[in-house]
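Input: a single structure, listed below in C-alpha cells.
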Amino acid sequence: GAVVSQHPSRVICKSGTSVKIECRSLDFQATTMFWYRQFPKQSLMLMATSNEGSKATYEQGVEKDKFLINHASLTLSTLTVTSAHPEDSSFYICSAVQDGNEQFFGPGTRLTVL
Amino acid sequence: GQQVMQIPQYQHVQEGEDFTTYCNSSTTLSNIQWYKQRPGGHPVFLIQLVKSGEVKKQKRLTFQFGEAKKNSSLHITATQTTDVGTYFCAGPGAGGTSYGKLTFGQGTILTVHP
C-alpha cells in the first residue's frame, strides 16, 4: 500500500516556540492531505484539509494563525504549530488520499510542550 | 454537523471470545470505513462498505453496513491477542466524498486477555 511518512516522530519544545511537522507521501502524489489531532485514548479530530497549491481549509474551532499549513508540492504538506503552549501537546497525524476515499496515515508526531 | 457515534468505548475480552463494535450516524452515509490503530501506532485502513446491507469478511473480521446506511458493525470471531487496539469507524465528512474527508467515531478500545 501507499506510504506516508512524518517527521519528526517526537518533539519536545519550550512554551512559546514554533514547531514544524512534515508529512510526505513517499510513493504517490497527493493533491489532498489531512491533519488530525489525537489526545490519549480519544478519537482523531480533523484539524484541516491541506490542498496542494491553495489555502488549507480549517475545521471549526481550529485557529488558522496558530496552526499554519503549507502544501508546497504534491508529496509534501507541513503543519507549523506557532507559539506552542502546553495545551498544544498532543499526537498529530497526517493522512493522504491516493485514490477514492482510502486514507493512508502517517506514523504521527508526538508533541510535548514544556 | 454529521456525527458518528461508536460504542462501546472499551471492551475487555478473554482470548477466544467474540467482539463487536457498533457505529451509528445521524445521517445517511454514502460509505463507511473502518480503521484499526494499534497502541502507539497510527490508524490503518481495514475496509470500506458502500452498499446498503453489505456484508464483507476478512478472515475472522465481519463488517456490516445497515440497510438504511446509517449504522455499521465490526465483529471479530475468536479474538486473539494480536487483535488488541482501537477500532474506528469513519464516515464521509461535510463536503462530500470527492476528496476523502472523514468524520471518525470515538473508537472502541479492545483489550484481549490471554
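The values are calculated or read from the model by the stated rules, or taken from the named source; none is laboratory data. Just so it is clear, the model here is predicted, and its values are computed rather than measured. No Cβ is skipped: glycine too gets one built from the backbone with ideal geometry, and neighbour counts run over all protein chains shown. Surface accessibility is based on the protein's heavy atoms, side chains included, excluding ligands, DNA and RNA. Shrake-Rupley method; radii C 1.70, N 1.55, O 1.52, S 1.80 Å.
Tabulated results
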read-out: Selection count where residues are facing chain B (nearest Cβ under 9 Å) and either among the hydrophobic types (A, V, I, L, M, F, W, C) or surrounded by fewer than 16 Cβ atoms within 10 Å (Cβ to Cβ) (or both), scope the stretch A:40-56; value: 5
read-out: Filter result for A:R37 (in contact with a Lys or Arg (Cβ under 8 Å, 6 or more places away or on another chain), within 12 Å of chain B (Cβ to nearest Cβ), open to solvent by 30 Å² or more (accessible area, probe 1.4 Å) and under 29 Å from B:L46 (Cα atoms)); value: no
read-out: Some residue of the stretch A:68-78 being open to solvent by 70 Å² or more (accessible area, probe 1.4 Å) and at pLDDT 90 or above; value: yes
read-out: Pairs where the first residue, in the stretch B:58-74, is open to solvent by less than 60 Å² (accessible area, probe 1.4 Å) and the second is of a type in the set (K, R), C-beta under 9 Å, 6+ apart; value: B:T62/B:K56; B:F63/B:K56; B:F63/B:K57; B:F65/B:K51; B:F65/B:K56; B:K69/B:K51
read-out: Qualifying residue in the stretch A:59-69 (condition: assigned to a strand (DSSP E or B) and touching a residue at least 60 places away in the same chain (Cβ under 8 Å)); value: no
read-out: Strands (runs of 3 or more DSSP E) contained entirely in the stretch B:35-110, each with at least 1 residues that are modelled with pLDDT of 95 or more and under 19 Å from A:W35 (Cβ atoms); value: B:85-92
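Yes or no, residue by residue, for (1) farther than 23 Å from A:Q60 by Cβ; (2) away from chain A (no Cβ under 14 Å); (3) open to solvent by less than 70 Å² (accessible area, probe 1.4 Å); (4) not basic (K, R):
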residue	(1), (2), (3), (4)
B:T27	no, yes, yes, yes
B:L46	yes, no, yes, yes
B:T79	yes, yes, yes, yes
B:D83	yes, yes, yes, yes
